[in-house]
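Structure first, commentary second.
The values are calculated or read from the model by the stated rules, or taken from the named source; none is laboratory data. None of the values given here were measured: they were computed from a predicted structure. Note that each Cβ is placed from the backbone with ideal geometry, even for glycine, and that neighbours are counted across all protein chains shown. Quick note on the areas: whole protein, heavy atoms, side chains included, nothing else; ligands and nucleic acids left out. Shrake-Rupley method; radii C 1.70, N 1.55, O 1.52, S 1.80 Å.
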There are 2 protein chains.
Amino acid sequence: MAKVFISDLVLRDGHQSLIATRMRTEDMLPICARLDSVGFWSLEAWGGATFDACVRFLREDPWDRLKKLRKALPNTRIQMLLRGQNLLGYRNYSDDVVRAFVKKSADNGVDVFRIFDAMNDLRNLRVSIEAVKASGKIAEGAISYTTSPVHNIPYFVNLAKEFEAMGCDTLAIKDMAGLLTPTTTAELVKAIAAVVKMPIHMHSHATSGLSAMCLLRAVENGATILDTCNSSFGEGASHTSTESMVAALAGTEYDTGLSLPLLQEITAYFRETRKKYWQFESEFTGVDTRVLVNQVPGGMISNLSNQLKEQGALNRMDEVLAEIPRVREDLGFPPLVTPTSQIVGTQAVLNVLTGERYKSVTTEVKNYLQGRYGKAPGEVNAQVRSIAIGDAEVISCRPADFLEDEMDKLLGEIEGIAKSEEDLLTYAMFPELARTFLQERAAGTLKPEQLLPAGSNLSCGPFYAPNEF
Amino acid sequence: MAKVFISDLVLRDGHQSLIATRMRTEDMLPICARLDSVGFWSLEAWGGATFDACVRFLREDPWDRLKKLRKALPNTRIQMLLRGQNLLGYRNYSDDVVRAFVKKSADNGVDVFRIFDAMNDLRNLRVSIEAVKASGKIAEGAISYTTSPVHNIPYFVNLAKEFEAMGCDTLAIKDMAGLLTPTTTAELVKAIAAVVKMPIHMHSHATSGLSAMCLLRAVENGATILDTCNSSFGEGASHTSTESMVAALAGTEYDTGLSLPLLQEITAYFRETRKKYWQFESEFTGVDTRVLVNQVPGGMISNLSNQLKEQGALNRMDEVLAEIPRVREDLGFPPLVTPTSQIVGTQAVLNVLTGERYKSVTTEVKNYLQGRYGKAPGEVNAQVRSIAIGDAEVISCRPADFLEDEMDKLLGEIEGIAKSEEDLLTYAMFPELARTFLQERAAGTLKPEQLLPAGSNLSCGPFYAPNEF
Ligand SMILES: [Co+2]
Ligand SMILES: [Co+2]
């Protein structure tokens, strides 16, 4: 019996991190029988940015993808990434939408729900966790790992205990930026394993080249499920390669029991598949340790760089990189992950380009300072808050407490166009996009964005890197 | 005081493994001041395939490169890789050539000589080790690591002891194919550290994605010098990224003490530099674990694939891959590294394409079976030997014992064209090439091979991967 289990991320985080979430369902299905026979603990295959990319770029119905994957993977758990009360969208949803979304995801095939909140504010996760439990599926609470003066091991241990108290079945340590070092991983996993019974599931991006060592330390200290990605979509902004980890643990007390030749067949398939998406490749896919020095995740840097380029201000990049930690401190040290990475990044750009800090303040920062994203991990800067929102009310309750049920309202908006509750939920996530999508689907005119043939001169615009999950 | 030291490979093995050894001296010099200030144990910067590439492709004088690097790196040891009695060429040289080559290398700036033999036949290393000791430089004996029924830990421990007895100052464990796993590394290093006093210097290619974990296990078990490569030329067929290892060990008892921000400045420089050489990039630079299953190093596979393509027989690749371990067994399990990788690979291709094993036998295999490369690690197949060489004599002494001093003869051949002993030694390595090179140098007509401008359609032929060092 294997002592360590593997979740393979090739169908979600792998292509999200390396080719801007562009892999199409048609390229997943032919290899599913092989994937299904490996014996993974789960295949992460839905959620994160895939839902958005399906509707926006691939013009695929994300629910249809889920149904097809479910059918093609009868023996393997399908795992999804869910942003708590934000679900797969970019705002807080009312509780009835959260419940409906989780239920439909479960009905259509999701077995494991990994649920996180950018602030680690557990109030933003309660309803979705309850909904997963109600559907009889696996609720995985995810700690958004970061470093800051207010983030330390007792802080994360406490989060883990609270996740367990909320009924989570497993606990993910989600190191989206590749900040964990082997030593910190060892201390963190050991401390958490000492106080919770839930299996610990490690997720550490390979960005800074430390993830394989972190996974090794994690299993030595009590983690039993590892997130890795088939090497065809592994390393760099993605994850440690599945085959490498299987080989590293083979013959040890942590042997995964998975077949390397079988995994290599899958690798051969996806290596060819990846070529089709060459236009979405980053220029550099290797190791980048800058996050360990400047604390700014790689994906955020490429997005900022595109943002500055558009404004002809690429030469201000160093100032923006220096401003980001200051804005983050002003906001009470939120982990930098969707949506806080965008909130902090955009404000930092404004602070630099306007020549005066907080001269112009984004709506998102105002909402943040009003508590509308939840409780900040540390203290927010009272002076900055005063500049930004004056005397406006700061809420201390759960942000979604202000939201009334909205399923009926949404249905009213999209009636006749949405053909199912799934369609309605797609509309709830991305109203404008989804309306067009559903109309074109009905008219049979959906067209995926074009893929450039191999050897074309690349002339598409910059795309924003959604690699912060 | 740092407990672990780093040798950075960016000036030799890094570009040799990733861009076919094409980095030019002009691209090394501007960053040398920075490299020199890091505090590396050594910078590997000469030998291996660089000498060949300088003369053949870059039309640079390799000795001139060494002199310039020596001047630009006043505070850092320069390390080279030397193939024992083969020096940097592809045959055995007489002892006077070996002594002259080592002396001139030392005179011109090499501080550390890493010396290996493809067969691990220490008789092929004795003269060069003696010559290094005579020059007062550091002699590093290198074990060519491999796996086979005759290669086990006691075998390697014994090699290590013999290296120490021969007067080596340090011991390299050279895992050129990325075959080491973390567990084996731990056992091997521990066993060797228990019996030798020499510092242990780990060299493990990142090909299969295991090297970072191996380096971690190595330091835990007594290795004190690690080979890593700046991330700009790290990972894949190259090595674990220097920055990652520095970050992984920072704050532990194995702290390297090196500055991450300084290393990142170097990274920024080389990332830009690498773009200039895009035409030499492999299609896929990620993790490849196939060597762990089929025992055939990645570089060998790409060379074979080019060889088969040229003969319109790419469809026989699987048969060749299956034949390689059989040929290797027939030859008594030599490690697969230059030149044995070529010897085994080419014979395997012949065995497949002719439709009958050993129907045609290469001269190299005949010489091998006569003992002219040294003693095989295991027993050679007597039947195959009989087919290949009939009753021809099999030597049991050191192959170079048959060679008379040849410096005078070489000088006679190249007199007037060679302007120095260095030139003579260049001629000794690659006679044809060097003659033209020296003549063109005299005429001022040396032209490096052309680099394609960015965005060109790639239309150059396949190049053979020299990534087996
Ligand atoms: Co992720
Ligand atoms: Co090497």
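For region A:5-280, what % of the accessible area comes from carbon and sulfur atoms, probe 1.4 Å? Could you put the intermediate results ahead of the total?
Values: 3800 of 7290 Å².
Roughly 52 percent, rounded to a whole number.
Can you give the percent of C-alpha pairs in region A:24-93 whose distance is more than 17 Å?
I get 45 percent for the Cα pairs in region A:24-93 exceeding 17 Å.
What number comes out for the charge environment of A:Ile143, summing +1 per Lys or Arg and -1 per Asp or Glu over other residues with Cβ under 13 Å away? Mind dumping the intermediate values first?
Working: positive: A:Arg114, A:Lys161, A:Lys174; negative: A:Asp117, A:Asp121, A:Glu140, A:Glu162, A:Glu164, A:Asp175.
So the surrounding residues net to -3.
State, to one decimal in nm and shortest first, how far the label point of B:Glu319 sits from each corresponding label point in the other identical copies (label point: 7 angstrom along Cα-to-Cβ).
B:Glu319 label point versus its equivalents elsewhere: 6.8 nm.
I'm a student and want to see the number: the projected area of the Cα convex hull of region A:178-238, averaged over all directions, in nm².
Answer in nm², one decimal: 3.7.
Can you tell me the Rg and Dmax of chain B, counting just the alpha carbons, in angstroms?
21.3, 64
Mind checking region A:155-258 for chymotrypsin sites (Phe, Trp or Tyr not before Pro) that DSSP puts in a loop (not H, G, I, E or B) and that have at most 14 other Cβ atoms within 10 Å? Display every interim value, and only then the final one.
On the way: sites: A:Tyr155, A:Phe156, A:Phe163, A:Phe233, A:Tyr254; in loops: A:Tyr254.
Within region A:155-258, no chymotrypsin sites (Phe, Trp or Tyr not before Pro) qualify (loop, at most 14 other Cβ atoms within 10 Å).
First obtain the Kirkwood hydrodynamic radius of region B:5-280 from its Cα pairs, then insert it into the Stokes-Einstein equation at 37 °C and 0.692 mPa s, and state the resulting D in µm² per second as a whole number. Before the final figure, lay out each step's value.
On the way: Rh = 18.5 Å.
Approximately 177 µm²/s, per Stokes-Einstein.
With a cut-off of at most 13 other beta carbons within 10 Å, and DSSP calling the residue loop, which trypsin sites (Lys or Arg not before Pro) in region B:1-69 qualify? Please list them. Provide the component values of the computation, followed by the final result.
Values: sites: B:Lys3, B:Arg12, B:Arg22, B:Arg24, B:Arg34, B:Arg56, B:Arg59, B:Arg65, B:Lys67, B:Lys68; in loops: B:Lys3, B:Arg22, B:Arg24, B:Arg59.
When the trypsin sites (Lys or Arg not before Pro) of region B:1-69 are filtered for loop state and at most 13 Cβ neighbours within 10 Å, B:Lys3 remain.
Going by Cα centres, region A:406-435 and region A:39-75 are how many Å apart?
About 20 Å separates the Cα centre of region A:406-435 from the one of region A:39-75.
Rg over Rh of region B:298-393, using C-alpha atoms and the Kirkwood radius, what does it come to? Kindly include the intermediate steps, with their values, before the conclusion.
Numbers: Rg = 12.8 Å, Rh = 13.4 Å.
Dividing the radius of gyration by the Kirkwood radius yields 0.95.
What lysines sit close enough to B:Lys190 to cross-link, taking a C-alpha to C-alpha distance under 23 Å and skipping anything fewer than 8 places away on the same chain?
B:Lys3, B:Lys161, B:Lys174
Shielding by partners for A:278-291, please: the mean number of other protein chain Cβ atoms within 10 Å of each residue's Cβ. Walk me through the intermediate numbers first.
Working: counts 0, 0, 0, 0, 0, 2, 5, 4, 14, 13, 8, 12, 7, 0.
Averaged over the peptide's residues, the number is 5.
So for each of B:366-377, A:289-300 I average, over its residues, the number of other beta carbons within 10 Å; can you give me the resulting order with the highest mean first?
Top of the packing list down: A:289-300, B:366-377.
Filter the GluC sites (Glu not before Pro) in region A:252-325 to those in DSSP coil with at most 10 other Cβ atoms within 10 Å of their Cβ, and list the result. Don't jump to the answer; show the numbers that get you there.
Numbers: sites: A:Glu253, A:Glu265, A:Glu272, A:Glu281, A:Glu283, A:Glu310, A:Glu319, A:Glu323; in loops: A:Glu253, A:Glu281, A:Glu283.
When the GluC sites (Glu not before Pro) of region A:252-325 are filtered for loop state and at most 10 Cβ neighbours within 10 Å, A:Glu253, A:Glu283 remain.
In nm, what does the list of distances from B:Gly355 to its counterparts in the other copies look like, shortest first, when each label sits 7 Å along Cα to Cβ?
8.3
Sum up the charges of everything whose Cβ sits under 10 Å from the Cβ of A:Lys447, counting Lys and Arg as +1 and Asp and Glu as -1, but leave A:Lys447 out.
Neighbour charge sum, excluding A:Lys447 itself: -1.
Any idea what the dipole of the protein assembly as shown comes to, in debye rounded to 20, about its Cα centre with Lys/Arg Cβ at +1 and Asp/Glu Cβ at -1?
Numbers: 98 positive and 118 negative charges, 43 e Å.
It comes to approximately 200 debye.
Report, to two decimal places, the Cα Rg of region A:196-293 normalised by 2.2 N^0.38 Å (N = number of residues). Please list the in-between numbers first.
Working: Rg = 14.6 Å, N = 98, 2.2 N^0.38 = 12.6 Å.
Against the compact-globule rule of thumb, the ratio is 1.16.
Per DSSP helix of 4 or more residues, -39500 (n - 2.57); summed, then divided by the residues of the protein assembly as shown. What does that give at 222 nm, rounded to the nearest 500?
Numbers: 40 runs with 412 residues, N = 938.
Computed ellipticity for the protein assembly as shown at 222 nm equals -13000 deg cm²/dmol.
Over chain A, with the other protein chains present, what is the accessible area per residue in square angstrom, probe 1.4 angstrom? Don't skip to the end; give the middle numbers.
On the way: 16970 Å² over 469 residues.
Accessible surface, normalised per residue, equals 36 Å².
Where the label is 7 Å out from Cα toward Cβ, how close does A:Lys71 come to the same position in every other copy, in nm, shortest first?
7.2
To the nearest Å, what is the center-to-center distance of region A:314-349 and region A:151-187, using C-alpha atoms only?
So the separation of the two Cα centres works out to 23 Å.
Among A:Phe333, A:Leu314, A:Tyr269, which residue has its Cα furthest toward the positive end of the charge dipole of region A:224-383, with +1 on Lys/Arg Cβ and -1 on Asp/Glu Cβ?
The one lying farthest along the dipole's positive direction is A:Leu314.
Taking each residue of A:225-233 in turn, how many C-beta atoms of other protein chains fall within 10 Å of its C-beta, and what is the average?
Details: counts 0, 0, 0, 1, 0, 1, 8, 4, 1.
Average neighbour count from other chains, rounded to a whole number: 2.
Can you give the log10 of the normalised intensity I(q)/I(0) at q = 0.05, 0.09 Å⁻¹, computed with Debye over equal Cα scatterers of the protein assembly as shown?
With one equal scatterer per Cα and no solvent, log10 I(q)/I(0) is -0.32, -0.96.
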